[in-house]
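Before any comments, here is the structure.
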Amino acid sequence: MLRHSTSTRREKWKKWLCLALAGAMLPGCTGAEKRLSYLGDKGDYEYVTEYEDTELKIEHSDTASATLDQPLVAEQPRKLGDQSKDEIRDISLSEAIHLALVNNRIIRTRGDFRSVQTQVFANADNIPSIYDPGIRNSGVLFGGQGVEAALSQFDPRFNSSLVWGANSAYQNNSLLGGGVGEGTVLDQNTAQFQSGLSKQMAYGANLSLGHNWNYNWSNQNFQLFPSAYAGNLGLSYTQPLWAGAGTDFTRIAGPFNPGLSGITGVSQGVVISRINTDLTIVDFEVSVRNMLKDVEDTYWDLYLAYRTYDAACQARDSFLESWRFASKYQLGGRFSELDEQQSREAYYDGRSRAENTLQEIYNLETHLRRLCGLPSADGQILRPSDDPTISEFVPDWNISLAEALTRREELRKQKWNIKSLELQLSAAHSLTNPQLNFVSSYQLNGFGNNLFGAEGDPGTPGASLQSAYRTLFRGDTTGWSAGLQFSVPLGFRSALSQVRNYELRLVKSREVMALQEKEITHELTKTFQDLAWRYQTAQTAYNRWQTAEAQIGGRESRYKLGVPNVETSVLLDQFLQTRRRAAEAEVAFYSAVIEYNKALCDLHFRKGTLLEINNVHLGEGAWTAEAQKDAIRKAWARTFAFDASDVDPVHTEPEAFANDLPPGELDFMGGPSRGGMPGTTPDGVPPQPTPANIHSKSGPLRLPGVVPPAPPQLGGADGQ
């Protein structure tokens, strides 16, 4: 497509050029009237039309669309007013979380749905996904390289070249051979072979081994051999002694290169690359945590929608019955036309509420499907099968605060940032010293008439120089060098500015971490208040609901049987109002219960234990086979090595920069339950989680004295 489009465009411009030249060179040949024309005016030129039809239209890439594991839409979406019955699919909270983790390679969020700035469309490259840690760890560009790219700086590098050449040139010297005519021509045939192996050491040194040969044939006079080989085998070693010296600097900043110090900085080492990968892993964990919270909140919102729909249907049916009763006894004069219209209006109000709540079920079910990675419609409708907990839970403040300050993902990320800045600051301090390097080299020189072969007959000129390799390994012609290189920028303004920059960034990061810890205490305080508030309002809403339900039977009997000296319209209005308040009280109770369960979820969210409580654990992939073999080899070396405890220890390994457990890990921390830990036993062991603190999965939600009806089946134009 691209080649065809480019070729077509080129041909069109040729036509345009020819047309322009013809118009400029032959202005009077056509006999047409001259007029001013603009690009885009069609006139009589077919090329303009062709140009507009082809070049001005929007083209599309021929990239094939990605094939999803599941179909986009299996059936037509369910809409309000459909007469067909839905197949109910009961789904538990754990199943919803499992589906969200299995089906979503790209992390989904609830608030991003149908937004103008939906991330999957507006910022597709930066949307969180399971590929982000791998992408970060495999980066090779400056500022984004991963561990493998940082380690590649220590890979041995082999270079080799073989070049042939020939040259003939006049020489201003009559003693040179090859006289031709009035001048002297020097003819030469040359060949150069160079090979080398270099290795950057982890402690900053550079070791290189080189082997070179130069071949030269010429017609020059006074030579021992017309053609000869000259070369060497050399070893060179360079060791930084001051600025950029040591294993710690190399691990942090990478190999020291003073020529690129203003470009690379001190963040190109293996340790910093690994920390950057850990930061990406934390970001991915935060994205997964947020997605699970959205799944749980949506799950409970859908549960509430079903309960609200159930209450609305009961109220609607009750209003319908009152309307029929008033219409039936209107002819007898017991109810007036206004009473009949009032009951009819109550029915339509109840029907409208039922329709709105049914649509809310469809909306939330779509949200849950999206978060779970399910098709938007597959002939089924999801219905929560888990009931929210109604057990009161009073968490321990000190334990919860300790968990939040050690397990929150944001704090772990900030600690990694601080650790990275501390390491880079230490490397920056090293560059405030002068550069002092130890340099050395040693080489074996070789020369011969031939590259290989035996020595010549004794007594003949150059008999011992027939084989270049023999003279090379004979070792009687060698060379060596050793010394120091010193360089110092007067003032160290660039190095000191870099140190100052990292000092300020480190101070800011520590202040941010202190503020984050303070912010976590405020968040946890609000969560504790919400827990008590939501449970208390649930109790109050339950009592209100029971009181309202208890009035329905009496109010219904009063308006049906009548009360002396009380108008029937008043009794009917009292019943309708009581029935409406009872439905509202039921919805208020379930809303309070759902908000209480959301507060429990928010407690684990603020403590950093939401993934753990849902049995979700993140881990990195296994080591490669080469890494495992290397680890076994080093373990054997440590096992069978001599005990160095009796001698002066030698620091042979760099200091660790990460721990398996977060700092300040407490002994009482274990797997928290859905409700958390209200306290510990006398021996200090935390109590085991109870089913009441997790979920009530034995049946529908139950409170003393009442058994709420099960959610109704959906179907029909008005939900009946």
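The values are calculated or read from the model by the stated rules, or taken from the named source; none is laboratory data. As the structure is a prediction and not an experimental result, all values here were calculated from the model. Backbone-built Cβ (ideal geometry, glycine too); neighbour counts: all protein chains shown.
Can you tell me how many residues within region 419-428 are surrounded by fewer than 17 Cβ atoms within 10 Å (Cβ to Cβ) and not acidic (Asp, Glu)?
Taking region 419-428 first, the residues surrounded by fewer than 17 Cβ atoms within 10 Å (Cβ to Cβ) are 422, 426.
So of that shortlist, the ones also not acidic (Asp, Glu) come out as 426.
Qualifying residue count, region 419-428: 1.
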Practice task
State which residue pairs qualify: first residue within 16 Å of ARG307 (Cβ to Cβ) and inside region 368-384, second residue surrounded by fewer than 18 Cβ atoms within 10 Å (Cβ to Cβ) and among the polar types (S, T, N, Q) in any location, beta carbons under 8 Å apart, and separation of 6 or more residues or different chains.
Solution key: PRO384/SER92
Handout entry: Any hit, region 616-634, residues being under 30 Å from GLN529 (Cα atoms) and surrounded by 12 or more Cβ atoms within 10 Å (Cβ to Cβ)
Key = yes
Practice task
Tell me, please, whether a residue that is out of contact with any Pro (no Cβ under 7 Å at 6 or more places or on another chain) and surrounded by 13 or more Cβ atoms within 10 Å (Cβ to Cβ) can be found in region 477-486.
Solution key: yes
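Hey, any hits in region 463-470 for a residue that's loosely packed, with under 14 Cβ neighbours inside 10 Å and either touching an Asp or Glu at 6+ places or on another chain (Cβ under 6 Å) or closer than 26 Å to ASN214 by Cβ (or both)? Let's see the steps before the verdict.
Looking only at region 463-470, we keep the residues that are loosely packed, with under 14 Cβ neighbours inside 10 Å, and these are 463.
Checking which are either touching an Asp or Glu at 6+ places or on another chain (Cβ under 6 Å) or closer than 26 Å to ASN214 by Cβ (or both) leaves us with 463.
So far as region 463-470 goes, yes, one or more of its residues are loosely packed, with under 14 Cβ neighbours inside 10 Å and either touching an Asp or Glu at 6+ places or on another chain (Cβ under 6 Å) or closer than 26 Å to ASN214 by Cβ (or both).
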Completion exercise
Per the list (1) touching a helix residue (DSSP H, G or I) at 6+ places or on another chain (Cβ under 6 Å); (2) crowded, with 18+ Cβ neighbours inside 10 Å, residue check on ASN437 breaks on (1)
Practice task
Would you check which residues across region 101-134 are surrounded by 14 or more Cβ atoms within 10 Å (Cβ to Cβ), in contact (Cβ under 8 Å) with a residue 60 or more places away in the chain and in a helix (DSSP H, G or I) and list them?
Solution key: LEU101, ASN103, ASP132, PRO133
Practice task
Among what's in region 544-561 and is touching a helix residue (DSSP H, G or I) at 6+ places or on another chain (Cβ under 8 Å) and under 16 Å from SER343 (Cα atoms), pick the residue that is surrounded by the most Cβ atoms within 10 Å (Cβ to Cβ).
Solution key: TYR559
Problem - Answer residue from region 220-242, given it is at pLDDT 85 or above and not in a strand (DSSP E or B) and is farthest from ASP476 (Cα to Cα) among those - result: TRP242
Handout entry: Considering residues of region 360-377 that are surrounded by fewer than 21 Cβ atoms within 10 Å (Cβ to Cβ) and not in a helix (DSSP H, G or I) only, the residue nearest to the chain's Cα centre (by Cα)
Key = GLY373
Practice task
Could you pull out the residue among THR389, THR357 that is under 27 Å from TRP533 (Cα atoms), among the β-branched types (Val, Ile, Thr) and not in a loop (DSSP other than H, G, I, E, B)?
Solution key: THR357
Exercise for the section: Please tell me if PHE589 is assigned by TED's automatic domain parsing to the domain that holds ALA538, assigned to a helix (DSSP H, G or I) and touching a strand residue (DSSP E or B) at 6+ places or on another chain (Cβ under 9 Å). Expected result: yes
